[in-house]
Amino acid sequence: MPQPSGHDTAAFGGQPHRIVERDGVRYTLLGTAHVSRASVDAVRAAVAEGPYDTVAVELDAGRLQSLSDPQAMAKLDLVKVIRQGKMHVFAANLALAAYQRRLAEQLGVEPGAELKAAAHDAKARGLKVELIDREVGITFKRAMQALGWWGRVKVGSGILVGMFADEEVADEEIERLKQGDMLESSFGEFASESPALYQTIIAERDRYMAAKLREHAGPASGAREVLAVVGAGHMAGMARHLLEDQEAPSSVVPALEQTVQKRKVPWIMLTLGTLILGGIAWGFYKGGFGMGASLLLQWALWTGGLAGLGCLLAGSHPLSILSAVIASPLKPFRPGIPSGAIAAWVEVHMRKPAYGDFMSLRDDVQSLRGWYRNRVSRVLMTFLLTNFGSMIGVWIAGIRIIGKVAS
């Protein structure tokens, strides 16, 4: 049976740690604060002086690249992001980057600097490096799927506020971050109030990272002494899973990476489209051409008008606005392609983001003027505000048409 060892904080510069021995491998879990210079120093000392043959880090490949390569953002294929329907994930990552930048400017420490140091120092010393965290996009999708409609609205609003906010991070939030997790903090207070979010962002990742340790830094890998650098908020949960879990990691990891695929038949949008078409057809049948044309015009004006208004507020190109106006009235009849995606695609082609836009993105999103100046952030605003306007227009027009039919 695997056994834990104590956690004397003095051995790691005051940073908490737990030691778990299992299947002939000694796992040292070093709990860090993602905004602490002391954590950076403790990690570098542990890698330099410890007996470890493997260093595992609470990162995925994308986050490590973002921390390590200042030009990583410039390599992003924005057209591919739009085509793959990943603009929401891009928005979440941008909000996280903006939050991290605010912390870095306020505290003088790059958030996650200790994770970056662990990976780079270990590689420089010829040690095996394992990235054990789940991809941010998967965590975000699973979190959204775990919430109800209102929960998604609150989280989405929080992400938008996080992207535009420029005030200093409160002292109490920084203290929570020192004991918690970067992703949890970036979701704001709602994460601590929502059991579904906590389960996805913290508890699931505890189990996931413990399974990744057993899978890639277990006895089969040849490892004997493993240092796992993780946020302090994950240390206890990971130690428990390392001690108690008996299910094979090859089963745990895929299960925690799975996201619910959208239904092939979008019944809600099909039902709404059927009601709207039926209402307009009823107008033509009962009230003649005049009434039917009036209902059809209402639909086009509300949906296309509000989508176009949202696109206009984003400062989009005139052809992007026109595409939003044309595409939005057709939304119920092509539910797989949001109006915002079409407008964003046109915006990318009409005002192709330059290398400098990607390089200055994290700085530009700190101010409202920067959002409009930067072509990448303007594409994101085009996507979000067009979709928001289209959604409001669909519901207003749908209610008015159905109400007319019912009366």
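The values are calculated or read from the model by the stated rules, or taken from the named source; none is laboratory data. Not measured: the values here are computed from a predicted model. All Cβ positions, even for glycine, are placed from backbone atoms using ideal geometry, and neighbour counts span all protein chains on display. Protein only, heavy atoms only, side chains kept; ligands, DNA and RNA dropped before computing areas. Shrake-Rupley method; radii C 1.70, N 1.55, O 1.52, S 1.80 Å.
Quick rundown of the values:
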read-out	value
Subset tally (residues that are open to solvent by 40 Å² or more (accessible area, probe 1.4 Å) and without any contact (Cβ under 8 Å) to a residue 24 or more places away in the chain) for region 372-383	1
Search result, residues across region 314-342 that are among the hydrophobic types (A, V, I, L, M, F, W, C), surrounded by fewer than 17 Cβ atoms within 10 Å (Cβ to Cβ) and at pLDDT below 95	Ile326, Leu330, Phe333, Ile337
Any pair with Cβ under 9 angstrom, 6 or more apart, that starts in region 388-407 at a residue that is hydroxyl-bearing (Ser, Thr, Tyr) and ends at one that is at pLDDT below 85	Ser390/Lys331; Ser390/Pro338
Residue within region 188-206 that is modelled with pLDDT under 65, open to solvent by less than 30 Å² (accessible area, probe 1.4 Å) and part of a helix (DSSP H, G or I) present	yes
Qualifying positions in region 115-156 - open to solvent by less than 40 Å² (accessible area, probe 1.4 Å), modelled with pLDDT of 90 or more and in a helix (DSSP H, G or I)	Leu115, Ala117, Ala118, Ala119, Asp121, Ala122
Residue among Arg351, Arg369, Arg362 that alone is open to solvent by 40 Å² or more (accessible area, probe 1.4 Å), touching a helix residue (DSSP H, G or I) at 6+ places or on another chain (Cβ under 9 Å), charged (D, E, K, R) and modelled with pLDDT under 90	Arg362
Residue pairs meeting the criteria (Cβ under 7 Å; at least 6 apart or on separate chains; first modelled with pLDDT under 95, in region 43-55; second among the polar types (S, T, N, Q) and surrounded by 15 or more Cβ atoms within 10 Å (Cβ to Cβ))	Val43/Thr32
Complete set of residues in region 207-226 that are touching a residue at least 12 places away in the same chain (Cβ under 8 Å), part of a helix (DSSP H, G or I) and open to solvent by 10 Å² or more (accessible area, probe 1.4 Å)	Arg207, Lys212, Arg214, Glu215, His216, Pro219, Ser221
Residues of region 41-65 satisfying the condition of being surrounded by 21 or more Cβ atoms within 10 Å (Cβ to Cβ) and either at positive phi or of a type outside the set (Asp, Glu) (or both)	Ala42, Val43, Ala46, Val47, Tyr52, Thr54, Val55, Ala56, Val57, Leu59, Arg63
Residue match in region 287-295 (condition: modelled with pLDDT under 80 and open to solvent by 60 Å² or more (accessible area, probe 1.4 Å))	yes
Region 10-69: number of residues that are more than 22 Å from Ala124 (Cβ to Cβ) and part of a helix (DSSP H, G or I)	2
